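Peer 1: Quick one: structure below, then a few questions.
The values are calculated or read from the model by the stated rules, or taken from the named source; none is laboratory data. Since we're looking at a predicted model, the values are computed, not measured. Cβ atoms come from the backbone with ideal geometry, glycine included; neighbour counts cover every protein chain shown.
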Amino acid sequence: MHRRTFLGVVSACSLAACSGRDSNKPSGPIAAGSLRNVAVGHFAFVPGQPLVLARDERGLYAMTTICTHDDCDIQGSGRIDGAGLSCDCHGSQFDRNGAVRRGPAGAALEHYRVDLAADGTLTIQASAVVGPDARTLVPT
Ligand code: FES
């Protein structure tokens, strides 16, 4: 590739497609509100944090919004769609459990433990990676 052409490609990526790049992965305990606001079917960004908090029939779960393709934060450079998450940087899509629906991403989104306190307060332990099937049970 000619040197001028190569530099042009890099520049376009840094100004547009890669503008949402964020290598700041979540870590530590992160307050995530109250169970009262997280009904079955909930699937929403955690404001100000690169995380999704969700609840399905099996319980509560949380996962990163840092795309596994090239580290864009989907919360800033993507969206929640009907089936999960879409990354606008290069078009990757993930289902509601973080599995890849469409590349170029080749790996699923990382999940973290969710703690439920007796008073209903939720905390995402973003340094405690768990498997994609892990759920925090909600007492009935
Ligand atoms: S960073 Fe490339 S598709 Fe998300």
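Peer 1: Tell me which of these VAL129 doesn't satisfy, since it passes every other one: (1) under 16 Å from HIS42 (Cα atoms); (2) surrounded by fewer than 16 Cβ atoms within 10 Å (Cβ to Cβ); (3) in contact with an Asp or Glu (Cβ under 8 Å, 6 or more places away or on another chain).
Peer 2: (1)
Peer 1: For the condition loosely packed, with under 13 Cβ neighbours inside 10 Å, among the basic types (Lys, Arg) and either farther than 17 Å from GLY98 by Cβ or at pLDDT below 95 (or both), what is the one hit in ARG3, ARG21? I'd like the intermediate steps shown before the answer.
Peer 2: Numbers: ARG21 fails: loosely packed, with under 13 Cβ neighbours inside 10 Å.
Selected residue: ARG3, the only one of ARG3, ARG21 that is loosely packed, with under 13 Cβ neighbours inside 10 Å, among the basic types (Lys, Arg) and either farther than 17 Å from GLY98 by Cβ or at pLDDT below 95 (or both).
Peer 1: Tell me which of these GLY103 doesn't satisfy, since it passes every other one: (1) farther than 15 Å from LEU51 by Cα; (2) surrounded by fewer than 16 Cβ atoms within 10 Å (Cβ to Cβ); (3) more than 9 Å from the ligand (Cβ to nearest atom).
Peer 2: The failed condition is (3).
Peer 1: Also, quick follow-up: So which residues in region 101-112 are in a strand (DSSP E or B) and in contact (Cβ under 8 Å) with a residue 40 or more places away in the chain, if there are any at all? First the steps, then the outcome.
Peer 2: Of region 101-112, the ones in a strand (DSSP E or B) are 101-102, 111-112.
Selection gives HIS111, TYR112.
Peer 1: Another question, if that's okay. What residue, among those in region 85-99 that are near the ligand (Cβ under 7 Å from one of its atoms) and buried (at least 18 other Cβ atoms within 10 Å of the Cβ), is farthest from VAL138 (Cα to Cα)?
Peer 2: Just the residues of region 85-99 that are near the ligand (Cβ under 7 Å from one of its atoms), to begin with: 87, 89-92.
Pick out the ones that are also buried (at least 18 other Cβ atoms within 10 Å of the Cβ) and you get 87, 89, 92.
Details: CYS87: 30, CYS89: 35, SER92: 31 Å.
Only one residue tops the list, namely CYS89.
Peer 1: Under 6 Å between Cβ atoms, at least 6 apart or on separate chains: pull out the pairs that start in region 63-84 with a residue that is near the ligand (Cβ under 8 Å from one of its atoms) and end on any residue that is among the polar types (S, T, N, Q).
Peer 2: Correct list of pairs: CYS67/SER92; HIS69/SER92; ASP71/SER23; ILE74/THR65; GLY78/SER86.
Peer 1: What is the residue count in region 95-140 for residues that are β-branched (Val, Ile, Thr), within 19 Å of ALA39 (Cα to Cα) and modelled with pLDDT of 95 or more? Working first, answer last.
Peer 2: Residues of region 95-140 β-branched (Val, Ile, Thr): 100, 114, 121, 123-124, 129-130, 136, 138, 140.
Applying the additional criterion that residues be within 19 Å of ALA39 (Cα to Cα) yields 114, 121, 123-124, 136, 138, 140.
Checking which are modelled with pLDDT of 95 or more leaves us with 114, 121, 123-124, 136, 138.
Qualifying residue count, region 95-140: 6.
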